[in-house]
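Engineer: Mind having a look at this structure? Questions to follow.
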Amino acid sequence: MPHPYVLLSAAVSLDGYLDDTGPERLLLSGPADFDRVDEVRASVDAILVGAGTLRADNPRLLVNSPERRAARLAEGRTEYPLKVTVSGSGELDPAARFWHTGGEKVLYTTDEGAERARVLGIAADVVPLGAELDWRRLLEHLHAARGVRRLMVEGGGLIHTQLITQGLADELQLAVAPLFVGDPEAPRLFGPGAYQGGRLRLTGTRQVGDVVLMRYEPTAPGTGPLPSAADHHWLALACELAALCPPSGTAFSVGAVVVAADGTELARGHSREGGDPVVHAEEAALAKADPTDPRLATATVYSSLEPCARRASRPASCVRLILDAGVRRVVTAWREPDTFVEGADGSGVLESGGATVVMLPEL
């Protein structure tokens, strides 16, 4: 099931704190960065904060600019983005400003939490997710039931940590303020967790007042059958590579990328690359990778079309080349139709060979 593009937004001190332990909220951003955040809020379909942030900050989570609200309405959208919060217990203050400002609100909670929230009279659409909170179910519900395509997450640290460690965050926008907190009791942006390996990709930096905004996206592929945000990024690149293929009336245009477990790109290719009229994308990419590279055993192949299981142009199919290279995870967008080969089932052959195949049909 597809889910929204998830953008994590936070401001931190130079030593990584979200706040200090004083009675008042520590203002890490200045007017210019607050205006930037307002602009981002105006661009998304929904804004999410956790119950801890509601209790500590009592936020309204509004788009403050009248011009930006008017622009949303002119585009046929609601004046304010949907406001979303998450609470396992459902123990929230029904008088909090979150419930009584802006537009529609949704509370995601557990079955028990939903009963408690309804007794309290929480002014929101209360959605129980079962015995425990499940982030994938929550995101899928936001996408399917509420039409949310872009979700901005403004905290707190526990939620940011959970979304990053579960591979569900597409982007991190981090504003770093020029001050130190230094209090070990103060809340930090990220806590301990089973983070995926590798380095995030820095996609942009700029000065906003006296803070520095840094934008990152994850690069480490998912593991097993569950897709990660990085899987979407890499498969989108494979789809872009397909546009580089010379036209053909007898073969598909396909792009492929080979990515190590730490997010390092090992190779890429596309159909009919280099003037070879019959080379396939996966074949072209794997030919550039070192066959002795131990990273292939834990790498992922991203292909815009299901790798071929049978072909007439070369002795070895792409499925065979992938398995022989030691790769055991493939992410693809589309199963091969019967246009050129009837009953093509590259995914089935890959799975029979011990590989995991992940389908992202939304791409």
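Engineer: Enter the Cα centre distance for the pair region 304-348 and region 113-152, rounded to the nearest angstrom.
Structural biologist: Centre-to-centre (Cα) distance: 39 Å.
Engineer: Something else now. Using alpha-carbon pairs under 8 Å, 6+ residues apart, how would you state the relative contact order of the chain in percent?
Structural biologist: Reported relative contact order: 15 percent.
Engineer: Hey, what do the phi angles of region 53-61 turn into as Karplus ³J(HN,Hα) couplings, whole Hz, using 6.51/-1.76/1.60 and θ = phi - 60°, x for Gly and Pro?
Structural biologist: 5, 4, 6, 7, 10, 6, x, 9, 6
Engineer: Next question, about the same structure. Can you work out the PRE-style zone for Glu39? Point 7 Å along Cα to Cβ, and I want the residues of region 206-224 with backbone N under 20 Å.
Structural biologist: Residues 206-217 qualify, since their backbone N sits under 20 Å from the label point.
Engineer: Connecting C-alpha atoms closer than 10 Å in a GNM of the chain, tell me which of His143, His100, His280 has the biggest fluctuation.
Structural biologist: In this elastic network of the chain, the residue with the biggest mean-square fluctuation among His143, His100, His280 is His100.
Engineer: Restricting attention to region 1-62, which trypsin sites (Lys or Arg not before Pro) occupy a DSSP loop and are surrounded by at most 16 other Cβ atoms within 10 Å?
Structural biologist: In loop regions of region 1-62 (DSSP not H, G, I, E or B), the sparsely surrounded trypsin sites (Lys or Arg not before Pro) are Arg25, Arg60.
Engineer: Based on the Cβ-Cβ distance of Leu27 and Thr292, what FRET efficiency does E = 1/(1 + (r/R0)^6) give at R0 = 56 Å, to the nearest 0.05?
Structural biologist: With a Förster radius of 56 Å, E is 0.55.
Engineer: With +1 on each Lys and Arg Cβ and -1 on each Asp and Glu Cβ, and nothing else charged, work out how big the dipole of region 5-217 is about its Cα centre, in Debye to the nearest 20.
Structural biologist: Computed about the Cα centre, the dipole is about 580 debye.
Engineer: Once you order the gyration tensor axes a ≥ b ≥ c over the Cα atoms, which shape class does region 5-217 get: rounded for a/c under 1.5, otherwise prolate or oblate by comparing a/b with b/c?
Structural biologist: rounded
Engineer: If you don't mind, another one. Listing Trp135, Trp99 from the residue with the fewest other Cβ atoms within 10 Å to the one with the most, what is the order?
Structural biologist: Trp135, Trp99
Engineer: Tell me whether region 31-87 comes out rounded, prolate or oblate; compute the Cα gyration tensor, take square roots of the eigenvalues as a ≥ b ≥ c, and use a/c under 1.5 as the rounded threshold.
Structural biologist: Because a/c hits 1.5 or more and a/b fails to exceed b/c, region 31-87 counts as oblate.
Engineer: If you don't mind, another one. Run the quick spin-label model on Glu240 and Asp338: label points 7 Å from Cα toward the beta carbon, then report their separation in nm to one decimal.
Structural biologist: Placing both labels 7 Å beyond Cα along the Cβ direction yields 3.6 nm.
Engineer: Out of Pro23, Leu172, Leu92, whose Cα points farthest toward the positive end of the dipole of region 5-217 (charges: +1 Lys, Arg; -1 Asp, Glu; placed on Cβ)?
Structural biologist: Toward the positive end, the furthest listed residue is Leu172.
Engineer: If you take the charge dipole of the chain about its Cα centre, with +1 on Lys and Arg Cβ and -1 on Asp and Glu Cβ, which of Val6, Gly147, Cys308 is farthest toward its positive end?
Structural biologist: Cys308
Engineer: While we're on this one: Nearest 500 deg cm²/dmol is fine: what mean residue ellipticity at 222 nm does the chain get from its DSSP H runs of n ≥ 4 alone, each adding -39,500 (n - 2.57), divided by its residue count?
Structural biologist: About -7500 deg cm²/dmol.
Engineer: When the dipole is taken about the Cα centre of the chain, and only Lys, Arg (+1) and Asp, Glu (-1) are charged at their Cβ, what size is it in debye, to the nearest 20?
Structural biologist: Dipole magnitude for the chain comes out near 440 debye.
Engineer: Go through 183-192, 268-277 and give me the packing order, highest mean Cβ count within 10 Å leading.
Structural biologist: 268-277, 183-192
Engineer: Name the shape class, rounded, prolate or oblate, that the alpha-carbon gyration tensor gives for region 229-359, where a ≥ b ≥ c are the square roots of its eigenvalues, rounded holds for a/c under 1.5, and otherwise prolate holds if a/b is larger than b/c and oblate otherwise.
Structural biologist: Taking the square roots of the gyration eigenvalues as a ≥ b ≥ c, region 229-359 is rounded.
Engineer: Could I ask something else about it? Averaging sequence separations of C-alpha pairs under 8 Å and six or more residues apart, then dividing by the length of region 167-239, give the relative contact order as a whole percent.
Structural biologist: 38
Engineer: Please rank Ser29, Ser87, Ser303, fewest neighbouring Cβ atoms within 10 Å first, as an exposure proxy.
Structural biologist: Ser29, Ser87, Ser303
Engineer: Over 36 Å, how big is the tail of the calculated P(r) for the chain, in percent of all Cα pairs?
Structural biologist: So the portion of pairs separated by more than 36 Å is 33 percent.
Engineer: Helix 135-146 against the longest principal axis of the chain: what's the angle in degrees, Cα atoms only, rounded to the nearest 10?
Structural biologist: That works out to roughly 80 degrees.
Engineer: Given 5 Å bins starting at zero, what is the percent of C-alpha pairs of region 1-104 in each, up to the one with the largest pair distance?
Structural biologist: Whole-percent P(r) values from 0 Å outward: 2, 10, 19, 21, 22, 15, 8, 2, 0.
Engineer: May I pose another question? For the Cα atoms of the chain, what angle does the longest principal axis make with the long axis of helix 229-242, in degrees from 0 to 90, nearest 10?
Structural biologist: 40
Engineer: Please report the antiparallel percentage of DSSP beta bridges with both residues in the chain, rounded to the nearest 5.
Structural biologist: 40
Engineer: Another question, then. Just rank Lys83, Lys105, Lys288, fewest to most, by other beta-carbon atoms within 10 angstrom.
Structural biologist: In increasing order of surrounding Cβ atoms, one gets Lys288, Lys105, Lys83.
Engineer: What relative contact order, as a whole-number percentage, does region 50-126 give when Cα pairs under 8 Å and 6 or more residues apart are counted?
Structural biologist: Relative contact order, region 50-126: 31 percent.
We did not get these values from a lab; they are worked out from the coordinates using the rules stated. The structure presented is a predicted model; accordingly, all values stated were derived computationally and were not measured. Every residue, glycine among them, receives a Cβ derived from its backbone with ideal geometry; neighbour counts consider all protein chains shown.
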